[in-house]
Amino acid sequence: MLQEYHQFARRIGLIGLTNLLISLSGLILLPILTKTLPIEDYGTYVQITVTIGLFPGVVMLGLPYTMVRFLAAAKSREEIREGYYSIAGITILSAGLASIALFLLAEPIAVALFDGRTTVTRILALVVFLECMNLLQYNYFRTFQQIKRYSSLLFLKTCLQLISVAALVLAGYGIFGAAVGLLVTNLVLFLVMGILIVSEIGVTLPGFKNLREHLSFGLPTVPGNLSSWVVNSSDRYVIALFLGNAYVGYYSPGYSLGHIINMFIAPLSFMLPAVLSKHYDDGNLKDVKTVLSYSMKYFLALAIPSAVGLSLLSRPLLTILSTPEIAEQGYLITPFMALSGLLFGLYTIITQILVLEKKTGITGTIWIVAATLNLGLNIIFVPRIGILGAAATTLVAFALAFVVSMYYSSKYLVFDINASFILKCLVAATIMGVVVVIGGAQMSGNLLGIILLVGISALVYGAGLFILRGFKKEEIRFFRNMLRI
């Protein structure tokens, strides 16, 4: 079992490194967009990306997650091929219909959301279809834990999107160029992944043998997916409605900076369903508890200091990465988003228990309640206190999702949450925060200085955890395996 933990750790390390590179690419693209486009156009670009995020969670009927849950234990090539193409067939139908509807209704949707840019909206319809198909194909590699291939493809997408969007925007094509860049990226990835999958399992006509079972598992997740999108992204729509797209542009950089913490939960979100499903189906509850406990411990070890550091350095970072005007308007958004990202990471780990028990209806209900609360509070507070109101209501929604999921998950399975370790992380992060405050006052607007300060702060935090004996010797050895990719 120890060897399995080490393999799991190495895979987590690889996905974590990939997500770190992805996050850095986002930071590279941010100044290009904010310093090149007018603030209203940047706000429109944000609306495009938010809309792209809406469709897969709804029109794919929960089938990508179903693939991970049901095909991870498949043994024969025939079983894998039948399951994959059955899910792909339904996805093509549902995503195709949604994209056609978006294409046909491009004009009124463009007026409502995208400053009347009908051509951009029609390009968006094509991007949405490809995004759905690519998500399905990514989940094929996730299901069968082809981690190096998955990471390489994800990194390829990041590089293509960064290069194509940046090149076309800098060439003067504005929002239209950004939309074309997104389309080109998704088309290339669709072709590359399709060739890889076909070469591995071949092609067959789907028989839809287990369609009822797959849909009964996946469909209950759709309300949750939609509600999750409402919590994560609908605030941009509400801000645009009441304040205009310019304020979406002010809000988004601070939001994105705070949600960098998501890069720590992304590898766990990727790996845990398949790994835990295997142990759970084999009756190894002890191993399930161990993996959950280790996952929470290492997530918090990284997320807690990151939340503190991002919150304290928000204004100087945003000044460097965007414009002084955006930094002044949006730096207070980052602390709310950083704490929201931390709570979401905890939710992601804890809710794996409900997935193992096939209680996806509970997770759906949790997000429906959280989304209803979030949307209602946004409508009340955004017109009154502006973008800060949207940030605060987002935090409330994530806190609710975490608390309720903790309550229901504990009814099925309880694991060690390492309360003493959490306290040690908080103490070490507080000490680190003092260093950040002292150093940050002297390095505002200096990128190299901030990078140096981050490095020093990380050393202070690590030393604090070491002195407080946050990790045991065997856990340190385990952590080192995460770096041996």
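The values are calculated or read from the model by the stated rules, or taken from the named source; none is laboratory data. None of these values were measured; they are calculated from a predicted model. The area values use the complete protein model at the heavy-atom level, side chains included, leaving out ligands, DNA and RNA. Shrake-Rupley method; radii C 1.70, N 1.55, O 1.52, S 1.80 Å.
So the values come out like this:
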item	result
For the range 139-209 versus the range 46-74, the gap between their alpha-carbon centres in whole angstrom	15 Å
Per-residue SASA entry for T185, accessible area with 1.4 Å probe, Å² rounded to 10	0 Å²
Convex hull (Cα only) mean projected area of the chain, reported in nm² to one decimal	21.6 nm²
Solvent-accessible surface (1.4 angstrom probe) belonging to L241, in square angstrom, nearest 10	130 Å²
Listed pairs K297/K411; K148/K411; K286/K359; K209/K297 exceeding 32 Å between Cα atoms	K148/K411; K209/K297
Contact order relative to length of the chain, as percent, for alpha carbon pairs under 8 angstrom and 6 or more apart	22 percent
Whole-Hz ³J(HN,Hα) from phi, Karplus 6.51 cos²θ - 1.76 cosθ + 1.60, for the range 409-419, glycine and proline x	5, 5, 6, 9, 7, 10, 10, 6, 9, 6, 4
Accessible area (Å², 1.4 Å probe, nearest 10) - Y408	80 Å²
Rg over Rh, two decimals, the range 164-295 (C-alpha only, Kirkwood Rh)	1.06
Where S306, S405 fall by accessible area, highest first, once all protein chains stay in place (1.4 Å)	S306, S405
Sequence of L154, L452, L459 from largest to smallest accessible area, 1.4 Å probe	L459, L452, L154
Solvent exposure ordering (accessible area, 1.4 Å, most first) of I456, I385, I265	I385, I456, I265
Relative contact order of the range 37-183, defined on C-alpha pairs under 8 angstrom at six or more residues apart (%)	28 percent
